[in-house]
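J.: Pasting a structure here, questions to come.
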Amino acid sequence: MIRIAHWIGGAERAGTSGRVGPVFNPATGEQTGEVDLASAAEVADAVAVAKQAARDWRSASLSKRSAVLFKFRELLAAHSGDLAAIITSEHGKVLSDAAGEVARGLENAEFATGIPHLLKGSFSEQAATGVDVYSIRQPLGVVAGITPFNFPAMVPLWMCTTAIAAGNAFVLKPSEKDPSAALFLAKLWKEAGLPDGVFTVVNGDAEAVNALLTHPDIAAVSFVGSTPIAKYIYETGTSHGKRVQALGGAKNHMIVLPDAEIDAAADAAVNAAYGSAGERCMAVSVVVAVGDAADPLVDAIAARLPKLKIGAGTDPESQMGPLISAQHRDRVAGYVTRGVEAGAKVIADGREAEVPGEGYFLGVTLLDNVTPDMEVYTDEIFGPVLCVVRSKTYAEAVELINNNEYGNGTAIFTRDGGAARQFQFDVNAGMVGVNVPIPVPVAYYSFGGWKASLFGDTHMYGPDGIHFFTRSKVVTSRWPDPGTSSIDLGFPTNR
Ligand code: NAD
């Protein structure tokens, strides 16, 4: 069993709280490690080290910061296989999926190498006679990231690359279910030449989170996780004077219009619903089949399911791995049971699938004739369960999405450009795909949902990330000209 410690001041530091949490290999059900759970006092120590480091780091030149980011990017690319293996060992997702996660996180490092350009302010010469006005963006100081289990490398990379490039010290509290990826990133940052204390990992649970949310030296909190916790983080962090962005859960709908290419839509639905065992915040969990699309679409999706290979993520043949824990697997299976009781038609039942060994596996479920009042529709299940809601018209389908509590991602499948454009205009969601089922924005845009999928007003990474991790200052400047100086108690104007 490995012991997973904290990372403070550029080195591993064993916990002193006396509290630890178990870490499992979800493919075997074996406990593989123990993670230290930080006390509030340990969090305070880590923040004090980060605060010291932040003072020097904000003075580092833009070219020095950019050089560290370039080196970090190279190391991440060189070690992407090692990082993917760590993700698979604690999360369970298949290796190719873990490699995809690392590749998307790498994009954020690439974006952040451009920090000299990204931090450029604006300048207005001669705003008044002899007066220039310009704006600059400065780092916040010590900022924190609190991240979920389902992307143990990518989500921390969404945050830390931008925060650090912008000149902050970053304290990460990763998920206690799969914390090793965070420690691996810490080692890469050190090797890349990042000064000690600029990247910190405090492992822990609610106690560590609450310590960060209330610590006076934490200026901002970036959070990704479930909606109830996101709401709590937003309310608690902001009431303690912090800037907070808190991304929550999702129920992502994919509309299929009757003119869509049905086989392509079925492939997309299967990939987006069951990839990573449905444990993605951008997973498609509801297909809205409009009119005549429904029967052929359900048949096409059903035909693909028996061929899916479920198994350990380390097996190159596996397409879908286990769920994160036994408890979560049972929770997802419970939803299937209640969905059937509520009247959904079972096309495939994951509870009956043959699965390997003692791991936390569950087969794939496809439920047809789901209605909006059913729990399988209203709740985020976060497992390999795809619901089909049949809708008579496009308008009814859009209304369904717009009435849903969540508004993370959504997609439309059609050959009709006009319908796609209308959908983009009508739909209340933060990320929209047109014949693209998982429209996670590239790193030079920003990621975020609407409604209960995001609390706060800035999205994650990209331009919004730069905005979130910096604050602006506007300077109005005049160089004295004794010839024009006089006494005037009136309010300054620029005429
Ligand atoms: P979670 O909310 O249980 O945990 C997220 C983080 O919050 C973890 O670091 C955890 O330690 C901490 N936490 C948990 N309970 C807490 C409490 N009571 N008080 C303080 N901190 C607490 O989420 P999860 O199960 O790790 O991740 C899955 C969820 O994350 C899903 O709902 C998924 O949709 C969501 N998610 C959203 C996005 C997005 O971009 N919107 C991305 C990935 C995951």
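J.: Report Rg(Cα)/(2.2 N^0.38 Å) for the range 1-130, keeping two decimals.
T.: It is 1.46.
J.: Counting only the backbone N, which residues of the range 30-61 are under 20 Å from the spot 7 Å out from the Cα of residue 217 toward its beta-carbon?
T.: Only 38-60 fall inside the zone, counting backbone N under 20 Å.
J.: Considering only DSSP beta bridges with both partners in the range 252-434, what is the antiparallel share in %, to the nearest 5?
T.: Close to 10 percent.
J.: Sort 281, 160 by Cβ crowding within 10 Å, fewest neighbours at the top.
T.: Sorted ascending by nearby Cβ count, the order is 281, 160.
J.: Starting from the Cα-Cα distance between residue 210 and residue 371, subtract it from 0.36 nm times their residue separation and give me the gain in nm to one decimal.
T.: The span from residue 210 to residue 371 would gain 54.1 nm if fully extended.
J.: While we're here: Compute the relative contact order of the chain as a whole-number percentage, counting only Cα pairs closer than 8 Å that sit 6 or more residues apart in sequence.
T.: 18
J.: Taking a quarter of the surface of the Cα convex hull of the range 295-373, what do you get in nm²?
T.: Answer in nm², one decimal: 5.9.
J.: Quick check: pseudo-label points 7 Å beyond the Cα along Cα→Cβ at residue 77 and residue 485, how many nm apart are they?
T.: 5.6
J.: While we're on this one: By count of other Cβ within 10 Å, fewest leading, how are 42, 375 ordered?
T.: In increasing order of surrounding Cβ atoms, one gets 375, 42.
J.: I need two numbers for the chain: Rg to one decimal and Dmax as a whole number, Cα atoms only, in Å.
T.: Using the Cα atoms of the chain, the pair Rg, Dmax is 24.6, 90 Å.
J.: Which of the peptides 353-361, 43-51 is most tightly packed, and how do the rest follow, going by the mean number of other Cβ atoms within 10 Å of each residue?
T.: Put in order of decreasing packing, that is 43-51, 353-361.
J.: Sort 190-200, 306-316 by packing, meaning the average of other beta carbons within 10 Å per residue, with the highest value first.
T.: Highest-to-lowest ranking by the protection proxy: 190-200, 306-316.
J.: Can you list the HN-Hα couplings for the range 360-371, worked out from phi with the Karplus curve (6.51, -1.76, 1.60; θ = phi - 60°), rounded to whole Hz and with x for Gly and Pro?
T.: Here the 3J(HN,Hα) series is 8, 7, 8, x, 8, 10, 10, 10, 9, 6, 6, 10 Hz.
J.: Could you name the lysines in cross-link range of residue 251, using Cα to Cα under 27 Å and dropping any fewer than eight places away on the same chain?
T.: Straight-distance partners of residue 251: 93, 173, 177, 231, 307, 309, 345, 392, 451.
J.: Per DSSP helix of 4 or more residues, -39500 (n - 2.57); summed, then divided by the residues of the chain. What does that give at 222 nm, rounded to the nearest 500?
T.: -11500 deg cm²/dmol
J.: Next up: For the range 138-232, what does the equivalent ellipsoid look like in terms of its semi-axes, each the square root of 5 times an eigenvalue of the Cα gyration tensor, given largest first in whole Å?
T.: Its equivalent ellipsoid spans semi-axes of 19, 16, 11 Å.
J.: Something else about it: Across the range 341-460, how large is the tail of the calculated P(r) beyond 16 Å, expressed as a percent of all Cα pairs?
T.: The calculated P(r) of the range 341-460 puts 69 percent of pairs beyond 16 Å.
J.: Still on this structure: Any chance you could run the full-extension gain for residue 426 through residue 330? It's 0.36 nm times the residue separation minus the Cα-Cα distance, nm to one decimal.
T.: 30.9 nm
J.: Using θ = phi - 60° and the Karplus relation 6.51 cos²θ - 1.76 cosθ + 1.60, list the HN-Hα couplings for the range 405-420 in order, rounded to whole Hz, with x at every Gly or Pro.
T.: Result, rounded to whole Hz: 4, 9, x, 7, x, 7, 8, 10, 10, 6, 9, 9, x, x, 5, 5.
J.: Using the charge dipole of the range 252-434 (Lys, Arg: +1 at Cβ; Asp, Glu: -1 at Cβ; taken about the Cα centre), state which of 356, 369, 306 has its Cα farthest towards the positive end.
T.: 356
J.: Using θ = phi - 60° and the Karplus form 6.51 cos²θ - 1.76 cosθ + 1.60, what ³J(HN,Hα) does each residue of the range 215-228 get, whole Hz, x for Gly and Pro?
T.: Per-residue couplings from phi come out as 6, x, 8, 8, 8, 8, 10, 10, 10, 9, x, 7, 4, x Hz.
J.: Among 472-478, 437-443, 384-390, how do they line up from the highest to the lowest mean number of other beta-carbon atoms within 10 Å?
T.: Going from most to least packed, we get 384-390, 437-443, 472-478.
J.: Starting from 0.36 nm per residue, how many nanometres of slack lie between residue 124 and residue 17 once their C-alpha separation is accounted for?
T.: Stretched fully, the residue 124-residue 17 segment lengthens by 33.1 nm.
J.: Counting Lys +1, Arg +1, Asp -1, Glu -1, what net charge surrounds residue 435 among other residues with beta carbon under 9 Å of its beta carbon?
T.: 0
J.: If you restrict to DSSP beta bridges whose two residues both lie in the chain, what percentage is antiparallel, to the nearest 5?
T.: Bridges in the chain that DSSP calls antiparallel: roughly 40 percent.
J.: Tell me, what are the semi-axes, in whole angstrom and largest first, of the equivalent ellipsoid of the range 252-434 as set by the roots of 5 times the Cα gyration tensor eigenvalues?
T.: Over the Cα atoms of the range 252-434, the semi-axes work out to 27, 17, 15 Å.
J.: With N denoting the number of residues in the range 421-495, provide Rg(C-alpha) divided by 2.2 N^0.38 Å, to two decimal places.
T.: 2.00
J.: So what's the gap between the Cα centers of the range 439-462 and the range 334-384, to the nearest angstrom?
T.: 29
Bear in mind these aren't lab numbers, they're just calculated from the coordinates by the rules spelled out. Please read all numbers here as calculations on a predicted model, not as lab measurements. Counting neighbours? That spans all protein chains shown, and the Cβs are built from the backbone with ideal geometry, glycine included.
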